[in-house]
1. Along the positive direction of the dipole of the protein assembly as shown (beta-carbon charges: Lys, Arg +1; Asp, Glu -1; about the Cα centre), which of A:SER5, A:ALA123, B:GLN134 reaches farthest?
2. Go ahead and collect, in residue order, the members of the range B:126-161 whose backbone nitrogen is under 20 Å from a label point 7 Å along the Cα-Cβ direction of B:THR74.
3. First check a/c for the protein assembly as shown, with a ≥ b ≥ c the square roots of the eigenvalues of its C-alpha gyration tensor; if it is under 1.5, answer rounded, and if not, answer prolate when a/b is larger than b/c or oblate otherwise.
4. Have a look at B:GLN164, B:GLN240, B:GLN287 and tell me which one the Gaussian network model of chain B (Cα, springs below 10 Å) gives the largest fluctuation.
5. Based on the Cβ-Cβ distance from B:HIS274 to B:ASP168, what FRET efficiency comes out when R0 is 56 Å, to the nearest 0.05?
6. Note the distances from B:GLU8 to each other copy's matching label point, with points 7 Å along the Cα-to-beta-carbon direction, in nm, sorted shortest first.
7. Along its principal axes, what span do the Cα atoms of the range B:209-268 show, with the longest given first and each in whole Å?
8. In nm, one decimal, shortest first: how far is the label point of B:SER172 (7 Å from Cα along Cα to beta carbon) from the matching points in the other copies?
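The values are calculated or read from the model by the stated rules, or taken from the named source; none is laboratory data. Note that the structure is a prediction, hence the values are computed from the model and not measured. Here the Cβ positions follow ideal geometry from the backbone for every residue, glycine too, while neighbour counts run over all protein chains shown. In case anyone asks, the SASA skips ligands and DNA or RNA and just uses the protein heavy atoms, side chains included. Shrake-Rupley method; radii C 1.70, N 1.55, O 1.52, S 1.80 Å.
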2 protein chains.
Amino acid sequence: MIFLSEAESAALITEEIAYDAVRRAFIAAAAEQSALFPAVPCHGSQPHNRFTIKSAAAEDVAGVKIGSYWPDNTDVPKHNSVILLLDQTVGRIGAVIEAGTVNAYRTAAADAVAADALARPEAATLTIFGSGHQSLYECLALARVREIDTIHVVARSHGPAFVQELADHGLSGRLTSAEEAVKAADIIVTATTARAPLFAATWVRPGTHVASMGSDAKGKQELPPALLTTADLFCDWPAQSTAIGEFQHATADRQVTAIGEVLTGKARGRQSPHAITVFDSSGIALQDLYVGMALLDLASD
Amino acid sequence: MIFLSEAESAALITEEIAYDAVRRAFIAAAAEQSALFPAVPCHGSQPHNRFTIKSAAAEDVAGVKIGSYWPDNTDVPKHNSVILLLDQTVGRIGAVIEAGTVNAYRTAAADAVAADALARPEAATLTIFGSGHQSLYECLALARVREIDTIHVVARSHGPAFVQELADHGLSGRLTSAEEAVKAADIIVTATTARAPLFAATWVRPGTHVASMGSDAKGKQELPPALLTTADLFCDWPAQSTAIGEFQHATADRQVTAIGEVLTGKARGRQSPHAITVFDSSGIALQDLYVGMALLDLASD
């Protein structure tokens, strides 16, 4: 069994590796022979400590991702992640990869892949809701796929520190009200734990691309429902997104398109410069498995 | 992260360790604060290669077990197993234990713990259906809890080799027809992949204890349904046993008692020397997690 520690995987991962792997994962997810198995929400001995098991198989990979959230952690990350890849020649677990930092890259990469496919080419103003751990990764990943000149930050706390963090990475951020930020945005990313809409649908300009990253459980909600009635809806995995993702709040009559169908040309993405596109990322194990394979390739070089 | 390889875990495991750990697991499974999360049936890139993810949490442990079955394996075992224990102080995977051989011990231990609680004290004649990989472990585990003087072996193939294997381990086995074997038995263990009853209910003597080990998926069946209408029914986890275990074939009105309730004295086990008791083992992750903890303790000694 090959083992990559948290330090090893964190040293190997880059935005480019994550982008390429997640893109392959989304394409694989849309393939007929792929299977995404049901996610299992679990908890530790103390029920407020939570972990989720996701698993999948595609033409060239099969395995499991375990993501945990220990809210009381203070000196160590609250989120942790492990990727398990099956050695498919014999059915044993062939690789175990600690992937806490990797997970932040792979989650941001999902929004970057989708934005690259769906946002207008000239999109330059990014609005980010949330200044938590994930938000910086989101901004860096999106800045790789569009020439972002301004980032509006809507933060309940740590706003100034987050803007400084962006500056440290060469990105120009400013703290803005939700209304001003949404009205100015070409791309909106929500990376929060919200359970109610973060802004009004009427504030969103035609042509905007919206990515909801935070909604990953029943009851979570980041976007105004009115937006979901008019925008074109895309996601990583429709069955999961409509069950526990942001599209649990979309009406059943709305078409929800897997982004992999867009990437392969089977489905249309952005229909016009004026369309509003929404991408919901609820997270699928194939992302982790393809990233894990890429890391193994690098580690064996 | 602590890693125990297949060779390391196989060198540490004994029937006694498995028995004690599985007994604790069954007691924990009956405790209010324990949680057994839904099992997920998965497959590899080739759908006939299968793996199952089971997970659980109890007062002092939480984690995941992945068991795989690669039917085309010839030079290496078709069954493999990995136990993942969460480090509950921080939520990371604290230990990964390859547990192919361990799994055979823990599965046999389940039947031994149940037989120890439910079989008559003087039970001495064991009948085993099946001469596959698991059958030897079953016989050895049961011989630890009752003074078994005769083992009737009902085998479709490899019968003589299996009887020789028993002899190599100091056990006296003989090949018998299903009818003769059942009629002579104090304890019957079915360790097969059957999809239809292996014997007639009328052959089973009063006072017999029956353990169904093989039924772990919809459509599998080892016992005659008539037996399930009159015998007292016990299992590791009623919700799973009635869904995918042998008791999928029991009528909904039958009481199915968790063996943990018997072990803690909350429920009655054998009601009389004449009662027929049936134990169905569909396998729960707590077995693996407690065995895993015991192995870690040993490994750190």
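1. Going by the Cα projections, it comes out as A:ALA123.
2. Only B:133, B:158 fall inside the zone, counting backbone N under 20 Å.
3. Details: a/c = 2.49, a/b = 2.33, b/c = 1.07.
Taking the square roots of the gyration eigenvalues as a ≥ b ≥ c, the protein assembly as shown is prolate.
4. Top of the fluctuation ranking is B:GLN164.
5. Numbers: r = 36 Å, r/R0 = 0.64.
Efficiency, rounded to the nearest 0.05: 0.95.
6. 1.4
7. That works out to 33, 21, 21 Å along the principal axes.
8. Copy-to-copy label distances for B:SER172: 9.2 nm.
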